[in-house]
Amino acid sequence: MKTVKTIYVIGHRHPDTDSICSVIGYAAYLNTLGGGQYIAARCGDLNAESRFALEKFGVEAPELILNVEPSVADIPVTYSQSATANTPTIDVIETMDANDLRNLPITDAAGKLIGLVSEHGLAHAYVSTIKRENLVMSPMPVETLARILSADIRVRKHDVLEGSVYISIDALHVILSRITAKDIAIVGDDEPTQLALVSAGIAALIIADSAPVGDRVLTAAEARGVTVLSTDVDAFGVAKTIHLTLPAEMIMATDVPTVHMGDTLEYVKELVSNSKYRTACVLDENGKLISTISRNSLMDDVEKSVILLDHNEYSQAVEGIETADIIEIIDHHRLGAMATLQPIRFDLEPVGSTSTIVTRRFMESGIEPEKGVAGALLSGILSDTLGLKMSTSTKLDEDAVSFLAKIADVDPTAYAQELIAEGMSLSGVSQNELLDRDTKEYSLSGKRVIVAQILTPSYEYAQNQSEEIYAALQMKMHESNAPDIYIALYTSVSEMGSDMFAVADESTMMKMHWGRKPMHLEGVVSRKKDFVPRFGRALANLL
Ligand SMILES: [Mn+2]
């Protein structure tokens, strides 16, 4: 089975509406061009505004992918052999032989993994455990037995046979004294013995070595309910083969390592090399067997392919990004430091949103997005540009908005107000949640800086809440993986300015003249255009 490689189109951590909607748009665009292997993804929860936008246009949220380290799903699925619980061992061995396998997974009738037959398990079952036991046949359909022995069914009186198996080499009275109605006898061409066994009322007669079977025996067997098989195989061969008909479930091991599609290859490699079977079975979420992974299938370097939207810095990207193959980047933020091995397509444009750049791809190629996709892209632009009011908005954003609004069938001005009000809604949300709503991480002058931005209806909000905000920020600095500097911008779009709260170590606080009270920044609305460049310079000068 040949599978097309999945490519994830993914935005930044703490996704905002642009990050969510641009990936929906771009994955749809690429899938329209052909292939269908592009998956819109996100590496964080939807905020209230994004959820509102997706619900309004009936669009599904991008798939949640918290880590892009290579996983089991990235190994090409290879056709995988297995057998069911009641498969005779001899068939298991044949499958293993024919496919050059050292192990064979065993499933129940529904395909769920229940164990593994290994070469070691086979040797153990046949050499040590049962070597001195009498020959017994586990319940087996007559057809299966006939197939294994290449036998003809001359009289069929049973569906399933089981019981002790005797080779008739003793004197007749001896064998008759042992045998019961459930048992099976292997005989040669001795017709009186054949007849005597049938008359005694056994379950089945296996006539070995191409011996003739007379009409009298067949008639008697018919009358007494005895199944008769005849085969070319000699008596020893018949006995040996029956010995190898134990059902797989009786000789399988149950301590087989199992993995799922999402498990990282690093984990799987460890598991496989520590397993005595040198293999792991891949199961779906219901425990059904998908395939097996051996050391060989882990030899090749595999990686996830990703297209990054709305960011181009490692610190903002999904976990595991350093192991992934970045094949394209589309963004409208500052140029961050990201290195790739291969040349890639890199589209960085100073426009209002990434959704704008994606919309231009549709416009330029003459492809019309579906209504829901158009609505999502429109939401991305209106959210990032605050209804085209931000200083970052350009003519290109306006053009994209008119193009999309027509397809999505909404009035962009009215919808922008609705959307932004949703994004600014502060009721019933804790300070801590607000601080997580829209954060970006930067590396500035060697410091890890997180800048959270919270949109408010007016300055009043942050000024009234300053104690709570400061306390919540200080709590953030105690979390694991806390940055060097944590900044929160409470931005009033209608008044075109922000109040900045900042926490850092004491010496930085001193040098930057930061205190518990917010610093008012008139005219600072856009984090990336108004705040980060100015702040970056101030930090570089003072530290
Ligand atoms: Mn954006």
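The values are calculated or read from the model by the stated rules, or taken from the named source; none is laboratory data. A quick note: this is a predicted structure, and the numbers were derived from the prediction, not measured. Positions of Cβ are generated from backbone atoms using ideal geometry, with glycine treated the same way; all protein chains shown enter the neighbour counts.
Brief remarks follow.
- Residues located in the range 1-48, provided they are touching a Phe, Trp or Tyr at 6+ places or on another chain (Cβ under 8 Å), among the hydrophobic types (A, V, I, L, M, F, W, C) and under 30 Å from residue 454 (Cβ atoms): 9, 27, 40, 41
- Looking across the range 1-39, the residues that are assigned to a loop (DSSP other than H, G, I, E, B), away from the ligand (no atom under 16 Å from the Cβ), small (Gly, Ala, Ser) and touching a residue at least 24 places away in the same chain (Cβ under 8 Å) come down to 35, 36.
- The residue that is nearest to the chain's Cα centre (by Cα), counting only those in the range 230-249 that are more than 18 Å from residue 153 (Cα to Cα) and among the hydrophobic types (A, V, I, L, M, F, W, C), is 248.
- Inspection of the range 156-173 identifies at least one residue that is touching a residue at least 60 places away in the same chain (Cβ under 8 Å), charged (D, E, K, R) and surrounded by 12 or more Cβ atoms within 10 Å (Cβ to Cβ).
- So residue 375, is it touching a residue at least 40 places away in the same chain (Cβ under 8 Å) and within 16 Å of the ligand (Cβ to nearest atom): no
- Condition check for residue 249: more than 30 Å from residue 447 (Cβ to Cβ), in a helix (DSSP H, G or I) and touching a strand residue (DSSP E or B) at 6+ places or on another chain (Cβ under 8 Å): yes
- Identity of the residue in the range 135-167, part of a loop (DSSP other than H, G, I, E, B) and modelled with pLDDT of 90 or more, that ends up nearest to residue 242 (Cα to Cα): 149
- Residue within the range 269-281 that is hydroxyl-bearing (Ser, Thr, Tyr), outside the structural domain of residue 351 (by TED's automatic domain parsing) and surrounded by 20 or more Cβ atoms within 10 Å (Cβ to Cβ) present: yes
- The range 455-469, residues that are in a helix (DSSP H, G or I) and touching a Phe, Trp or Tyr at 6+ places or on another chain (Cβ under 6 Å): 462, 469
- Evaluated against (1) outside the structural domain of residue 185 (by TED's automatic domain parsing); (2) among the polar types (S, T, N, Q); (3) under 23 Å from residue 136 (Cβ atoms), residue 227 falls short on exactly one condition, (1).
- For the range 295-320, residues that are modelled with pLDDT under 95, away from the ligand (no atom under 15 Å from the Cβ) and either farther than 20 Å from residue 75 by Cα or touching a helix residue (DSSP H, G or I) at 6+ places or on another chain (Cβ under 7 Å) (or both) total 7.
- The listed residue being crowded, with 18+ Cβ neighbours inside 10 Å and of a type in the set (Asp, Glu), out of 49, 63: 49
- Test result for residue 525, touching a residue at least 60 places away in the same chain (Cβ under 8 Å), within 42 Å of the chain's Cα centre (by Cα) and closer than 21 Å to residue 427 by Cα: no
- Some residue of the range 355-366 being within 12 Å of the ligand (Cβ to nearest atom), under 22 Å from residue 33 (Cα atoms) and among the hydroxyl-bearing types (Ser, Thr, Tyr): yes
- Whichever residue in the range 321-345 is within 16 Å of the ligand (Cβ to nearest atom) and among the hydrophobic types (A, V, I, L, M, F, W, C) and, among such residues, is farthest from residue 74 (Cα to Cα): 335
- The helices (runs of 4 or more DSSP H) falling completely within the range 346-443 that include 3 or more residues that are under 31 Å from the mean Cα position of the chain (by Cα) and either among the charged types (D, E, K, R) or crowded, with 22+ Cβ neighbours inside 10 Å (or both) map to 354-365, 371-384, 431-437.
- Counted residues, the range 88-109 - those being within 31 Å of the chain's Cα centre (by Cα) and more than 22 Å from residue 293 (Cβ to Cβ): 1
- Residues that are touching a helix residue (DSSP H, G or I) at 6+ places or on another chain (Cβ under 8 Å) and polar (S, T, N, Q) do occur in the range 47-60.
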